[in-house]
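The values are calculated or read from the model by the stated rules, or taken from the named source; none is laboratory data. In this text, all values refer to a predicted model and were calculated from it rather than measured experimentally. Note that we place each Cβ from the backbone using ideal geometry, even for glycine, and neighbour counts take in every protein chain shown. The area values use the complete protein model at the heavy-atom level, side chains included, leaving out ligands, DNA and RNA. Shrake-Rupley method; radii C 1.70, N 1.55, O 1.52, S 1.80 Å.
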Amino acid sequence: MDSNGDSRHRVVIVGGGFGGLPAARWLGRKPVDVTLIDRRNHHLFQPLLYQVATGLLPAGQIAPPIRHLLRKHKNVRVKLAEVTGFDLERRVVHASVFGLANLELPYDSLIVAAGVNQSYFGHPEYALYAPGMKTIDDALELRRRIFGAFEIAEMTQDPAERERWLTVAIVGAGPTGVELAGQVRELATRSLRGEFRSFDPSSVRVILLDGGKEPLANFGDHLAGKATKALEHLGVELRMGARVVGVDGTGVDITDSDGNPSRLPTYTTVWAAGVEASPLAKELATASGAHLDRAGRIMVEPDLTLPGHPEVFVVGDMMALDKLPGVAEVAMQGGLHAANTIVRRLKDKPAVAFKYRDLGSAAAIGRFRSVVNFKGLRLSGFPGWVIWAFVHLAFLSGFGNRLNTVLKWTWSFVGRGRSEREFSVMHTGGDLSLPAEVRAAVQPKPLPLFDQFSASKAATPPIEAE
């Protein structure tokens, strides 16, 4: 209650990523009540997931707990649950707590920033054999597959089998695919040197597949050319103009630009080829009648609100506006714009249109090699890497995480050490970025304790959150 005895303005934020977290922090300083709901307990710095997969960084360093980040904002509550739908007429968000209980979260203003999932372009069956790079679970699964492949290759007597274990196919030559390809090669040629007896780790083949003409095509021809040379210098094999038409446990089927089919034998495939909006975008569009674009993103008003519902904001990778790219900067600026608009309205000030300030693009290709495009300034090599490192450190949450990351990078880039190489020999599930049908096949129980709950307890009626 405020000083006049009136109920304070209630804001519900869906998603604790680059869009939702800045909004929660900003509103945490204002006289409103905020509830942030996310199906994970952590905020994830996705641009460094590939470094978790290749043993450079521990998972916790890029995934601080949301509660910890918001601990000083006493008017912010955090709910660990998965949003299942929206009742825009009643202004209620529906959510499920691990399938055991249902929540109803009432709001006066709603910010939806649920992000994106990996897109397999109509072939969700590929996901079982080619994990993406969207969650901590994905990165740990890729770490298991990459390092596990080396271990099996060490014990394999058949040369053809060993070559298949030592071949890594990466589908998609955007920033994620390029950065991962460079790090896998550097892992093999530097960090694993001298550790195996049956094969030379530098013989590991990393093959980058993409239907375009060059890697990092969105960076422009000049930087794409620099990226091509840097990747080839590292020993990455580039297969441009290659369209993937099939993926299974033993290889990838490819059609080249002339329509000729071929097959790449490999036991390790990574999917970095595309994204699609969270299924919540479709739920929100169904509830409001809003339109979706081809990528499943909601077409919003200039101030990032849902058409016909000015109290609902859609930010980040879920929204479609003026062909803005799906990058972290758009999400962060959009979340802050939505939060500021809510505050302006409470002060009886009009909303203003969202204006995106382009901070440029950067991708690290390997040790001390990056390409950067910032307002016409194009850098590559070591100068580009310095800018890349500075930007990524600036966006990491927490001084401790920044300091530890610098120490890890120094240990790995100046030396050869990679201390984060532990992996489970069994698939542990939890891959939240997988398509629903694939996730159902691999995901274990959410928590071991939940075996004690009966089906009747899982069917409890909705409860209104505090």
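Couple of notes before you dig in:
- Per residue solvent-accessible surface (Å²) - segment 27-172, probe of 1.4 Å: 37 Å²
- Taking Cβ atoms as reference points and 15 Å as the exclusive limit, the residues near Arg369 contribute a net charge of +3, counting Lys and Arg as +1 and Asp and Glu as -1.
- Between Phe98 and Glu82, the built amide H atoms are under 5 Å apart, and every one of these is 5 or more places off in sequence or on another chain.
- Note on segment 352-413: Cα convex hull, mean projected area over all directions, 5.4 nm².
- Long-range amide H partners of Val247 with built H, under 5 Å: Asp253
- Using only side-chain charges placed at the Cβ, +1 for Lys and Arg and -1 for Asp and Glu, the dipole size of segment 1-60 relative to its Cα centre rounds to 80 debye.
- For Asn41, distant residues with modelled amide H under 5 Å away: none
- Note that segment 55-67 has calculated 3J(HN,Hα) couplings of x, 7, 10, x, 4, x, 6, 10, 9, x, x, 4, 4 Hz, one per residue in order, obtained from phi through the Karplus relation 6.51 cos²θ - 1.76 cosθ + 1.60 (θ = phi - 60°); glycine and proline are x.
- Computed Rg/Rh of segment 1-66, alpha carbon atoms with Kirkwood Rh: 1.17
- Couplings 3J(HN,Hα) of segment 95-105, computed from phi: 9, 10, 9, 6, x, 9, 8, 10, 10, 10, 10 Hz, in residue order, whole Hz [Karplus 6.51 cos²θ - 1.76 cosθ + 1.60, θ = phi - 60°; x for Gly and Pro].
- Annotation: peptides 343-352, 408-417, 126-135, 107-116, ranked by per-residue average of other Cβ atoms within 10 Å with the highest first, follow the order 107-116, 126-135, 408-417, 343-352.
- Cα gyration tensor category, rounded, prolate or oblate, for segment 8-130 with a/c compared to 1.5: oblate
- Convex hull of Cα atoms in segment 86-159, direction-averaged projection (nm²): 8.6 nm²
- Calculated FRET efficiency for the pair Asp200/Ser257, C-beta based, R₀ 41 Å, to 0.05: 0.80
- One quarter of the surface of the convex hull around the alpha-carbon atoms of segment 137-285 equals 10.8 nm², the direction-averaged projected area.
- Inter-part distance where segment 324-382 and segment 103-146 are each reduced to a Cα centre, Å: 22 Å
- Dipole of the chain computed with +1 at Lys/Arg Cβ and -1 at Asp/Glu Cβ about the Cα centre; of Leu434, Pro325, His43, farthest Cα towards the positive end is His43.
- Label-point separation, Asp158 to Glu104 (7 Å along Cα→Cβ), nm: 6.0 nm
- Note on Val442/Phe390: beta-carbon distance plugged into 1/(1 + (r/R0)^6) with R0 of 45 Å gives a FRET efficiency of 0.75.
- Hull volume in cubic angstrom per residue (convex hull over the Cα atoms of segment 246-312): 140 Å³
- Protein-only accessible surface order, largest first, of Phe147, Phe390, Phe395 at 1.4 Å: Phe390, Phe395, Phe147
- Segment 1-151: relative contact order in percent, alpha carbon pairs under 8 Å with at least 6 residues between: 27 percent
- Of the two radii for segment 189-239, the radius of gyration is 1.12 times the Kirkwood radius, both from the alpha carbons; that is the Rg over Rh value.
- Rounded if a/c under 1.5, otherwise prolate or oblate - segment 259-399, Cα gyration tensor axes: oblate
- Crossing angle, helix 175-186 versus the chain [Cα axis fit, 0-90 degrees, rounded to tens]: 40 degrees
- Rounded to the nearest 10 Å², the accessible area of Ile254 at probe 1.4 Å: 10 Å²
- Take every pair of alpha-carbon atoms less than 8 Å apart whose residues are at least six positions apart; their mean separation over the length of the chain yields a relative contact order of 20 percent.
- Working value for segment 218-285: equivalent-ellipsoid semi-axes of 26, 21, 13 Å, each the square root of 5 times a Cα gyration tensor eigenvalue, largest first.
- Cα gyration tensor, segment 64-204 - rounded (a/c under 1.5), prolate or oblate: prolate
- Modelled spin labels at Lys229 and Arg71, positioned 7 Å past Cα toward Cβ, are 4.9 nm from each other.
- Phi to ³J(HN,Hα) by Karplus 6.51 cos²θ - 1.76 cosθ + 1.60 over segment 248-253, Hz, x for Gly, Pro: 9, x, 10, x, 10, 8
- DSSP bridge pairs, the chain: antiparallel proportion in percent, nearest 5: 55 percent
- For the chain, the mean residue ellipticity at 222 nm estimated from helices alone is -8500 deg cm²/dmol, where every DSSP H run of n ≥ 4 contributes -39500 (n - 2.57) and the total is divided by all residues, rounded to the nearest 500.
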